[in-house]
């Protein structure tokens with residue numbers, strides 16, 4: 001796992017030149033990158049969501065495109081379109097911005113559900129179908145999407161099928177006072193993103209992604225992951241629990257987190273640490289629970305407290 005740890009350290013150190021005081025969130029993003037999962041960054045405007053995605057793209061020497069989602073955007077603006085060439089008398093495919101290795105879907109929930117759904121095939125199957133022809137995506141392929149809270153003006157809630165395709169959801173939050181003062185100093189002359197250099201190559205990233213798959217996960221840990229996900233489905237405050245894709249997301253993220261730590265095996269603590277980021281956005285809390293101000297994060301916390309950890313006993317309710 002030394003190779004994975006080395007790649008991860010270089011990515012994290014490079015991004016930290018731009019994103020100040022968000023070590024855990026940067027590490028989460030690196031984990032998503034290493035296990036080829038898509039990442040949803042949700043928070044209020046102005047806290048660095050877009051800048052984090054740009055920093056990751058610059059850190060990895062890959063093709064990068066940015067899609068600014070707006071209410072009037074069409075699905076073809078994302079996937080591409082076939083255009084008739086009058087010289088060759090044939091249709092030619094003009095690829096859309098989704099045909100890149102790292103795609104920043106900025107303010108994804110400002111587009112209509114029809115346009116949001118244009119990402120579904122690309123995110124899950126790593127391909128795009130336009131006019132009956134299928135085009136494979138370049139690897140690695142990662143969608144970094146940002147969204148504002150749905151209470152803000154001009155936003156549309158993401159469909160459940162769309163949200164479920166994001167391996168993890170993170171929030172950046174406001175920086176601490178000392179960190180914000182540091183940010184002001186760093187941007188006095190120019191933004192640090194402008195001088196950010198590449199830290200790893202695409203080939204190095206691909207090798208690290210392969211190495212992550214060799215991380216050992218004991219059967220008891222696998223059962224713990226499934227038990228935890230099952231608890232979310234049976235929870236009295238949940239209308240719709242996490243899907244099997246959620247189990248896979250937590251499983252893969254735990255392997256990557258362990259590898260970044262330099263370990264060749266997954267611990268129950270890895271699962272606990274990543275449970276909210278991988279599962280909370282997949283839950284739909286029941287209307288009666290929402291009236292009581294219960295949210296998905298509280299459900300995950302309760303599920304962790306009452307799901308038996310391998311080698312331990314469950315606490316009584």
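The values are calculated or read from the model by the stated rules, or taken from the named source; none is laboratory data. Note that the structure is predicted; figures quoted are calculated from it, not measured. All Cβ positions, even for glycine, are placed from backbone atoms using ideal geometry, and neighbour counts span all protein chains on display.
Points to keep in mind about this one:
- For segment 296-306, the set of residues classified as surrounded by fewer than 21 Cβ atoms within 10 Å (Cβ to Cβ) and either in contact with a helix residue (DSSP H, G or I) (Cβ under 8 Å, 6 or more places away or on another chain) or within 11 Å of residue 228 (Cα to Cα) (or both) consists of 297, 301, 302, 304, 305, 306, listed by residue number.
- Residue within segment 216-228 that is surrounded by 19 or more Cβ atoms within 10 Å (Cβ to Cβ), under 22 Å from residue 301 (Cβ atoms) and within 22 Å of the chain's Cα centre (by Cα) present: yes
- Per the listing 206, 253, 161, the residue uniquely surrounded by 20 or more Cβ atoms within 10 Å (Cβ to Cβ) and within 21 Å of residue 126 (Cβ to Cβ) is 253.
- The single residue among 9, 114 that is out of contact with any strand residue (DSSP E or B) (no Cβ under 7 Å at 6 or more places or on another chain), surrounded by fewer than 17 Cβ atoms within 10 Å (Cβ to Cβ) and at pLDDT below 85 turns out to be 114.
- Scanning segment 181-213 for residues that are without any contact (Cβ under 8 Å) to a residue 40 or more places away in the chain and assigned to a helix (DSSP H, G or I) returns 181, 184, 185, 194, 195, 203, 210.
- Out of 73, 123, sole residue that is more than 19 Å from the chain's Cα centre (by Cα), closer than 29 Å to residue 173 by Cα and surrounded by 15 or more Cβ atoms within 10 Å (Cβ to Cβ): 73
- Scanning segment 134-160 for residues that are at pLDDT 85 or above and either assigned to a strand (DSSP E or B) or out of contact with any helix residue (DSSP H, G or I) (no Cβ under 9 Å at 6 or more places or on another chain) (or both) yields 134, 135, 136, 142, 143, 144, 145, 146.
- Where helices (runs of 4 or more DSSP H) fall wholly inside segment 229-313, the ranges with 3 or more residues that are within 25 Å of residue 3 (Cα to Cα) and without any contact (Cβ under 8 Å) to a residue 60 or more places away in the chain are 244-260, 268-279.
- For beta carbons closer than 6 Å, sequence separation of 6+ or different chains, a first residue in segment 2-22 that is outside the structural domain of residue 197 (by TED's automatic domain parsing) and touching a residue at least 40 places away in the same chain (Cβ under 8 Å) and a second that is crowded, with 16+ Cβ neighbours inside 10 Å and in a helix (DSSP H, G or I), there are no qualifying pairs.
- So residue 123, is it within 22 Å of residue 251 (Cα to Cα), at pLDDT 85 or above and either in a strand (DSSP E or B) or out of contact with any strand residue (DSSP E or B) (no Cβ under 8 Å at 6 or more places or on another chain) (or both): no
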